Each structure stands twice: as structure tokens, then as C-alpha cells.
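Participant: Got a structure for you, questions after.
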Amino acid sequence: MEIIKVVNPQMGGKKAFELFKASIESGAKTIGLATGSTPISFYEEVIHSDIDLTDVTSVNLDEYVGLSRENKQSYAYFMNEQLFKYKKLKASFLPNGLASNIDEEISRYDDILTCHPIDFQILGIGSNGHIGFNEPGTSFESTTQLVKLAPSTIEANARFFDTIDEVPTEAISMGIANIMAAKRIVLLAYGESKAEAIYNTVHGSVTEQVPASILQRHPNVTIIVDESAGKLI
Ligand code: GLP
């Protein structure tokens, strides 16, 4: 694992963009994208650059169950606001949180991932060590699945909703095995609330109780942290 410490999220976004640009220049055709507040400074760098993504396909990590694409809290809406409305990509995929048949939606998404192997994956991390929406206890062998959000995740994400009762309790998420299949992974973490998760990811034992700890077994991972998130490593 390569660790890069930056002074703030803006610098983290710039560093992540450098790595992203290098991957695109060396032929990356499929990018795995993340939501949450953490990757926003990275997306800002992308949209303010002249990088050409018209030949690049994106696949997102996850989507809440029960929210439409028009719902401002949905990850589809987030991606449109942060990236897609500014940069043209060849195609972009997210799980459909309104699918009437979740099992079919899950196999559709796994098929998409099979057809579009991820060259470059951006990841955030939950304060409990989750990646995507793969909560502690998720099997390292998991592929796309329906997940129940941990109470701590619902609490953490409530800041984006009017009340905590509006936060969906389920999501469709790429599994850990899908994430590990990416050729290159760049994980971003900022702020003190991520410090323990980052310590456990980098120095802890590899355990399903800390989903991100599996990244120790990936051959090409870079972790970009600010001083607070990196204060224990
Ligand atoms: C959600 C997303 C994750 C993200 C995490 C952290 O749970 N599913 O992909 O990494 O939130 O969010 P934030 O970056 O806002 O701290």
C-alpha cells in the first residue's frame, strides 16, 4: 500500500486526479466511482481539467434502495451534479435503487461489471471501515448484493437528509470481490472521524470486521489522507 499524506481535501483531490490522469493516459477505459463528501474535491479537479473521458465508461459502487434518480439524496443525482453534467463519458452505470426485482438488478449489475472490468477505482471509507456499502461482517467473497446499512452508517449519512427517518435502510452495493478486482484502487479519507478506520485498514489484521482491511492484499492501492485521517498511521 502506498500512503500519501496531504494537507487538506483540496490537495487530496489534486493528488487523486494526478493518479487518475496517469491511468487514463495509460489506457484505462473503465473507472469505478464513489459518492459521499470525500471524492467531491477529486470530481472538481476532473471537471476543471481538459481530460477527455468520451471513451471511458464509469460504474458506481452503490445506490440506496427506494430513491429515484431525481431524488436529491440518490447517488445517481449526486453523480450527475458532481460529474456527469460537466463531463461527457461514453456510458455510466449505477445500480437502480427503484428496481422492482432486486435480484434481477443485482445480476444485471454483476454482468455490467463482468463486461467492464474496472481499471481505476476511487474509494471513500466509512468510519466503521466500510467500502461501498459493504458493512463490517460482509464476506470478502461478496459480489453485488442487497445490503442493510449499519445504524452508524445511517447516522453518519443522516446529515444529507432532513430527518434520520428519511435515510434509506438498504442499498445495492458492489461486493468486496468486485472492488478487489479493480486493477488500481485509490482510497481517499479526510477528517478525524476516519482516523481509526484508516489505522485498521493499514495496520490492523485483515478481517471482515474491517472491510477495507482487505486492501492490504491488493497489489496496487494508494491511500490519500489528510493529517487528521492519517494521524494514527
Ligand atoms: C457512504 C458511501 C461510501 C462512502 C461513505 C463515506 O456510506 N456508500 O462509498 O465512502 O459514505 O462518506 P463520506 O465521504 O461522506 O464520509
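Participant: Can you tell me which of (1) touching a helix residue (DSSP H, G or I) at 6+ places or on another chain (Cβ under 9 Å); (2) over 13 Å from I172 (Cα atoms) is the one E81 doesn't meet?
Facilitator: Against the list (1) touching a helix residue (DSSP H, G or I) at 6+ places or on another chain (Cβ under 9 Å); (2) over 13 Å from I172 (Cα atoms), E81 comes up short only on (1).
Participant: What pairs come out if I take residues in the range 24-36 that are touching a residue at least 40 places away in the same chain (Cβ under 8 Å) and pair them with residues that are among the acidic types (D, E) whose C-beta lies under 8 Å away, six or more apart or interchain?
Facilitator: Note: pairs meeting the criteria are G27/D119; A28/D119; K29/D55; K29/D119; T30/D119; I31/D119; T35/D62.
Participant: Filter the range 87-98 for residues that are under 19 Å from G32 (Cβ atoms) and open to solvent by 10 Å² or more (accessible area, probe 1.4 Å) and give the result.
Facilitator: At the first step, the residues of the range 87-98 found to be under 19 Å from G32 (Cβ atoms) are 87-97.
K87, K88, L89, K90, A91, S92, F93, L94, N96, listed by residue number.
Participant: Any residue in the range 43-50 that is without any contact (Cβ under 8 Å) to a residue 60 or more places away in the chain, within 16 Å of the ligand (Cβ to nearest atom) and open to solvent by 50 Å² or more (accessible area, probe 1.4 Å)?
Facilitator: yes
Participant: I would also like to ask the following. In the range 186-212, which residues are in contact with a His (Cβ under 9 Å, 6 or more places away or on another chain) and either more than 17 Å from N134 (Cα to Cα) or of a type in the set (G, A, S) (or both)?
Facilitator: Listed by number, the residues that qualify are A197, A212.
Participant: Among the residues of the range 182-207, count how many are surrounded by fewer than 18 Cβ atoms within 10 Å (Cβ to Cβ) and touching a residue at least 60 places away in the same chain (Cβ under 8 Å).
Facilitator: Adding up the residues that qualify gives 3.
Participant: Tell me yes or no: at least one residue of the range 147-165 is among the aliphatic types (A, V, I, L, M), within 14 Å of the ligand (Cβ to nearest atom), out of contact with any Pro (no Cβ under 9 Å at 6 or more places or on another chain) and at pLDDT 95 or above.
Facilitator: Within the range 147-165 (the criterion being among the aliphatic types (A, V, I, L, M), within 14 Å of the ligand (Cβ to nearest atom), out of contact with any Pro (no Cβ under 9 Å at 6 or more places or on another chain) and at pLDDT 95 or above), the answer is yes, since at least one residue qualifies.
Participant: Which numbered condition trips up T169, out of (1) closer than 26 Å to Q209 by Cα; (2) of a type in the set (S, T, N, Q); (3) open to solvent by less than 60 Å² (accessible area, probe 1.4 Å); (4) modelled with pLDDT of 95 or more?
Facilitator: Only one criterion is unmet by T169, namely (3).
Participant: Can I ask one more? Out of all the residues in the range 216-225, is one or more closer than 30 Å to S100 by Cα, in contact (Cβ under 8 Å) with a residue 12 or more places away in the chain and either open to solvent by less than 10 Å² (accessible area, probe 1.4 Å) or of a type in the set (A, V, I, L, M, F, W, C) (or both)?
Facilitator: no
Participant: What about T38, is it within 16 Å of the chain's Cα centre (by Cα) and surrounded by 20 or more Cβ atoms within 10 Å (Cβ to Cβ)?
Facilitator: Against the criterion (within 16 Å of the chain's Cα centre (by Cα) and surrounded by 20 or more Cβ atoms within 10 Å (Cβ to Cβ)), T38 qualifies.
Participant: Has the range 106-120 got at least one residue that is touching a residue at least 24 places away in the same chain (Cβ under 8 Å), within 12 Å of the ligand (Cβ to nearest atom), buried (at least 19 other Cβ atoms within 10 Å of the Cβ) and of a type in the set (V, I, T)?
Facilitator: No: zero hits.
The values are calculated or read from the model by the stated rules, or taken from the named source; none is laboratory data. Values in this document were obtained by computation on a predicted structure and should not be read as measured data. Methodologically, a virtual Cβ is constructed for each residue, glycine included, from the backbone with ideal geometry; neighbour enumeration extends over all protein chains shown. Ligands, DNA and RNA are stripped out before the accessible areas are found, and what is left, the full protein with its side chains, is counted by its heavy atoms. Shrake-Rupley method; radii C 1.70, N 1.55, O 1.52, S 1.80 Å.
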